[in-house]
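Colleague: Would you mind keeping the following structure in view while I ask a few things?
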Number of protein chains: 2
Amino acid sequence: MTFVERLREASRRNQSLLCVGLDPDPRRIPAHLGGGAAGVLAFCAQIVEATADLVCAFKPNAAFFEALGPDGFAALAELLRMRPGVPFILDAKRGDIGSTAEAYAQAAFDALGADAITLSPFLGGDSLEPFLRRPEKGCFILCKTSNPGGGDLQDLRLADGGTLSMHVARLAASSWNANGNVGLVVGATYPGALAEVRAACPTLPLLVPGVGAQGGELEAAVCAAVDSAGEGALISASRSILYASGERDFADAARAEAARLRQAMRAALAQGAPQGA
Amino acid sequence: MTFVERLREASRRNQSLLCVGLDPDPRRIPAHLGGGAAGVLAFCAQIVEATADLVCAFKPNAAFFEALGPDGFAALAELLRMRPGVPFILDAKRGDIGSTAEAYAQAAFDALGADAITLSPFLGGDSLEPFLRRPEKGCFILCKTSNPGGGDLQDLRLADGGTLSMHVARLAASSWNANGNVGLVVGATYPGALAEVRAACPTLPLLVPGVGAQGGELEAAVCAAVDSAGEGALISASRSILYASGERDFADAARAEAARLRQAMRAALAQGAPQGA
């Protein structure tokens, strides 16, 4: 099965567009788990177990593991050995050239065993190629990010009249998707941009961070991100789920918040769908 | 001392613009060192010891260590504990937002102890801020990369007439360098772009990969990259030094090649300098 097929299967089975971002901040992990990489691993593993039937994917964030040094990197590898029945998208935003890009692909897909990765397009098509050439793995390419400063480059107006973000979207849909494994990252904080990207790329999966703690409006994001079948969107929430209680019951609280978000997305879709559809 | 002061001190002490890139490919490491992370660490440590008095910096490449999994990440941490008397620039090309960018800064500067890092500008100024706010650490921001595909985005013509690369160069020199710790990455394979960046950013350190195995012409790159004092350039070579012999004498061969490149750079500068200067 290709990555896109596995993602679609998981999303249909769990009837979910929710992707849970695993951004474990040691300062916010319940005290009873202990500190350090062992605590972070236990925390993430329990979140995964508590929510695996409610989500379409998990998105572990490499930075929070690397910040803990070698033990953190080992914890990330251990976490990715879980088999929760939905894909792990490694949020790493890698981007480099030649043999270095090959080494990053090896790190993410082979050493860590991730099912997909987030990538930066700044170094161009040949920097993406070592990832793109593996159809069983997914490549989510940064297009329009959720942060205020994202516009410093992404909103620049090109001589042809479009923005840099839309140029990336068109390259992704045309040149870079030869193996059918490309998606785009578009922040929920800009629903207008999301709709524009979806119109230009009707079939690409869109990974949409920025709902919840970052303030993106859920309903608008869902309706703008899905494809014509009401699928193909991964709406990602992290902190609002991970730290729903901050106490000993964190996994139950995370499950409740994940269930609430999943249901809110389904309701948004039902409401946003054309009448009679 | 700030990062830029430490870099200048190292460059003057060793009279060198050479930066040795540490991109250890296990397939090319001499067999007697053994395989895996231990072999990679031994290889890099001997390269560092053999060349530390000939260079202005070392540039370990995170990808090659991550490709070896947790043991590779531990080897990177161990390598960075060496104190060779010149800075370690972690070539990681990170770029992410908010608390994730803070975690990457913590990973590079605290968990690994790097003196500087390479960063992607695609996510804008706020994504760089957690790195920029530490004047004792250096931030080399991708501007014009050495690979053929670099132009896919970087050469795009903006509505104001310039290229994306030059827009990044101007942002770096104006907004992002408030703490005096910003440099730019500009490939040796495009000496015209190098000269244009140097003209727009007369005082920023320029990290220039792409000589040697990538085919960039050394003399042109050196003369285009240095500032008006003949300093402020880090000309990076990796494979041509690391694998100069591929045999048991690799460290001696690396030292000889590093000495040759260092001398060729000094000769290029002497020849390129205005007569009577």
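Colleague: Would you say B:PHE140 is part of a helix (DSSP H, G or I) and more than 8 Å from chain A (Cβ to nearest Cβ)?
Modeller: It is false that B:PHE140 is part of a helix (DSSP H, G or I) and more than 8 Å from chain A (Cβ to nearest Cβ).
Colleague: Okay, moving on. Report whether or not A:ALA220 is surrounded by fewer than 17 Cβ atoms within 10 Å (Cβ to Cβ) and away from every other protein chain (no Cβ under 14 Å).
Modeller: On the way: surrounded by fewer than 17 Cβ atoms within 10 Å (Cβ to Cβ): no; away from every other protein chain (no Cβ under 14 Å): yes.
Criteria not met by A:ALA220.
Colleague: Scan segment A:112-126 residue by residue and report those that are on the phi < 0 side of the Ramachandran plot and within 20 Å of the chain's Cα centre (by Cα). Explain how you work it out, then say what you get.
Modeller: Going through segment A:112-126, the residues on the phi < 0 side of the Ramachandran plot turn out to be A:112, A:114-123, A:125-126.
Of everything in segment A:112-126, those that are on the phi < 0 side of the Ramachandran plot and within 20 Å of the chain's Cα centre (by Cα) turn out to be A:LEU112, A:ALA114, A:ASP115, A:ALA116, A:ILE117, A:THR118, A:LEU119, A:SER120, A:PRO121, A:PHE122.
Colleague: Follow-up. Counting only residues that are in a loop (DSSP other than H, G, I, E, B) and within 7 Å of chain A (Cβ to nearest Cβ), which one in segment B:69-111 is farthest from A:ILE97 (Cα to Cα)? Break it down into steps so the answer makes sense when it comes.
Modeller: So in segment B:69-111, the residues in a loop (DSSP other than H, G, I, E, B) come out as B:69, B:80-87, B:95-97.
Then drop every residue that is not within 7 Å of chain A (Cβ to nearest Cβ), which leaves B:69, B:95-97.
Working: B:GLY69: 20, B:GLY95: 15, B:ASP96: 19, B:ILE97: 22 Å.
Checked segment B:69-111; the qualifying residue farthest from A:ILE97 (Cα to Cα) is B:ILE97.
Colleague: How many residues, within segment B:23-56, are in a helix (DSSP H, G or I) and of a type in the set (Asp, Glu)? Outline the logic, then answer.
Modeller: Taking segment B:23-56 first, the residues in a helix (DSSP H, G or I) are B:26-28, B:31-33, B:36-51.
Checking which are of a type in the set (Asp, Glu) leaves us with B:49.
Selection size over segment B:23-56: 1.
Colleague: I'd like to verify a number: residues in segment A:148-205 that are within 11 Å of another protein chain (Cβ to nearest Cβ), surrounded by fewer than 23 Cβ atoms within 10 Å (Cβ to Cβ) and not in a helix (DSSP H, G or I), how many?
Modeller: Number of matching residues: 10.
Colleague: Same structure again: Going through segment B:246-269 one residue at a time, which ones are of a type in the set (Gly, Ala, Ser), free of Cβ contacts under 8 Å to residues at least 60 places away in the same chain and either part of a loop (DSSP other than H, G, I, E, B) or farther than 19 Å from B:ALA188 by Cα (or both)? Don't jump to the end; show me each part of the working.
Modeller: Going residue by residue through segment B:246-269, those that are of a type in the set (Gly, Ala, Ser) are B:246, B:251, B:253-254, B:256, B:258-259, B:264, B:267-268.
Checking which are free of Cβ contacts under 8 Å to residues at least 60 places away in the same chain leaves us with B:253, B:256, B:264, B:267-268.
Matches in segment B:246-269: B:ALA253, B:ALA256.
Colleague: Let me ask something additional. Is it the case, given these coordinates, that A:ASP71 is touching a helix residue (DSSP H, G or I) at 6+ places or on another chain (Cβ under 6 Å), among the acidic types (Asp, Glu) and under 19 Å from B:GLY95 (Cβ atoms)? Steps first, please.
Modeller: Values: touching a helix residue (DSSP H, G or I) at 6+ places or on another chain (Cβ under 6 Å): yes; among the acidic types (Asp, Glu): yes; under 19 Å from B:GLY95 (Cβ atoms): no.
Criteria not met by A:ASP71.
Colleague: Could you please let me know if B:ASP115 is within 28 Å of B:SER245 (Cα to Cα), surrounded by 21 or more Cβ atoms within 10 Å (Cβ to Cβ) and charged (D, E, K, R)? Spell out how you get there, then give the answer.
Modeller: On the way: within 28 Å of B:SER245 (Cα to Cα): no; surrounded by 21 or more Cβ atoms within 10 Å (Cβ to Cβ): yes; charged (D, E, K, R): yes.
So B:ASP115 fails the test.
Colleague: A further question on this structure: Tell me, which residue of segment A:112-131 that is within 7 Å of chain B (Cβ to nearest Cβ) and assigned to a helix (DSSP H, G or I) is nearest to A:ALA172 (Cα to Cα)?
Modeller: A:GLY125
Colleague: Just to be sure, is B:ALA37 without any contact (Cβ under 8 Å) to a residue 12 or more places away in the chain and over 30 Å from B:PHE122 (Cα atoms)?
Modeller: Numbers: without any contact (Cβ under 8 Å) to a residue 12 or more places away in the chain: no; over 30 Å from B:PHE122 (Cα atoms): yes.
Taking the combined requirement at face value, the residue does not satisfy it.
Colleague: Hey, another quick one. Taking the conditions exactly as written (surrounded by fewer than 20 Cβ atoms within 10 Å (Cβ to Cβ) and over 16 Å from the mean Cα position of the chain (by Cα)), does A:LEU79 satisfy them or not? Before the answer, list the steps.
Modeller: Values: surrounded by fewer than 20 Cβ atoms within 10 Å (Cβ to Cβ): no; over 16 Å from the mean Cα position of the chain (by Cα): yes.
Taking the combined requirement at face value, the residue does not satisfy it.
A short reminder: the numbers here are calculations on the coordinates, not readings from a lab. Since we're looking at a predicted model, the values are computed, not measured. Every residue, glycine as well, gets a Cβ built from its backbone with ideal geometry; the counts of neighbours run over all protein chains shown.
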